[in-house]
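For reference, the structure discussed in these notes is given below.
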Amino acid sequence: EHILVYHPDLHGKLIVFWVIEEDGLVSRAVTSSSTLPDSSVSTCVENVIRSIEFPKPNGGSLEILFPFDFEAG
C-alpha cells in the first residue's frame, strides 16, 4: 500500500546523490541525508532514479546531488 495511508502527514527533506554514466544510465543512487520519518520513502526514490534513462551527458559521467522536499497534503 501507499506510504501516505500510514503516514498522511509525511513531510521532510530528502537529498539524493546519483551518477549518470556516459550511456545515460544511472550507476549509483544513494540517500545523502533525510529528515523523513520513514526510510522506505528514500528507498523508493532511489529505485525510481536508478530506473530512469537520462539523456547522455556531454564529456563523461555526471554526478547529481538533488533535494526533494515533501509536504503533507
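Numbers for the structure displayed
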item	result
Residues (among the hydrophobic types (A, V, I, L, M, F, W, C), closer than 10 Å to LEU14 by Cα and assigned to a helix (DSSP H, G or I)) located in region 29-47	VAL41, VAL45
Residues located in region 6-47, provided they are open to solvent by 70 Å² or more (accessible area, probe 1.4 Å), modelled with pLDDT under 90 and either touching a Lys or Arg at 6+ places or on another chain (Cβ under 8 Å) or under 10 Å from PHE70 (Cβ atoms) (or both)	HIS11
Hits in region 48-73 - residues which are open to solvent by 60 Å² or more (accessible area, probe 1.4 Å), touching a strand residue (DSSP E or B) at 6+ places or on another chain (Cβ under 7 Å) and in a loop (DSSP other than H, G, I, E, B)	ILE52, SER61
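The values are calculated or read from the model by the stated rules, or taken from the named source; none is laboratory data. Note that the structure is predicted; figures quoted are calculated from it, not measured. Reconstructed Cβ throughout: ideal geometry from the backbone, glycine too, with neighbour counts over all protein chains shown. With ligands, DNA and RNA removed, areas are computed over all heavy atoms of the protein, side chains included. Shrake-Rupley method; radii C 1.70, N 1.55, O 1.52, S 1.80 Å.
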